[in-house]
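Worksheet for the structure shown next.
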Amino acid sequence: MKAYDKIPEWNELVFREPTAEEREKYAGEKFEQWIDNLPSFGEDVLVTNGIDVWASWFYMDDGICLSDAESKIDDVIAWLPLPKPYER
């Protein structure tokens, strides 16, 4: 079962072909697929591949990337905003 089926706060990443408008808007960027339902670029979030969970953030380089250089964006299936810090 997917993480977003068990915990509804998880946001499923939806991979698809970019539209002509997106290709034009991001001309010069090299990407073969587009991802819907991303958090804001640079926002710290939790991500999961369905097995592991870790903190990371997304950014645009030659396509959409994760700050965690050892993880591939294609492996991530969902993201979750970081919880609010503990307060006494």
- Task: Take the Cα coordinates of the chain, assign each an equal point scatterer, and use the Debye formula without solvent to give log10 I(q)/I(0) at q = 0.13, 0.14, 0.16, 0.21 Å⁻¹.
- Result: -0.45, -0.52, -0.66, -1.04
- Excluding ligands, DNA and RNA, what is the solvent-accessible area per residue of the chain at a probe of 1.4 Å, expressed in Å²? 73
- Taking protein heavy atoms only, a 1.4 Å probe, and rounding to whole percent, the accessible area of the chain owed to carbon and sulfur comes out at 48
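Suppose every Lys and Arg Cβ carries +1 and every Asp and Glu Cβ carries -1, with no other charges. What dipole size does the chain come out with about its Cα centre, to the nearest 20 debye? Don't skip to the answer; put the middle values down first.
Working: 9 positive and 20 negative charges, 61 e Å.
Computed about the Cα centre, the dipole is about 300 debye.
The values are calculated or read from the model by the stated rules, or taken from the named source; none is laboratory data. Keep in mind it's a predicted model, so treat the numbers as computed, not measured. All Cβ positions, even for glycine, are placed from backbone atoms using ideal geometry, and neighbour counts span all protein chains on display. Note: areas computed on protein heavy atoms with side chains; ligands, DNA, RNA excluded. Shrake-Rupley method; radii C 1.70, N 1.55, O 1.52, S 1.80 Å.
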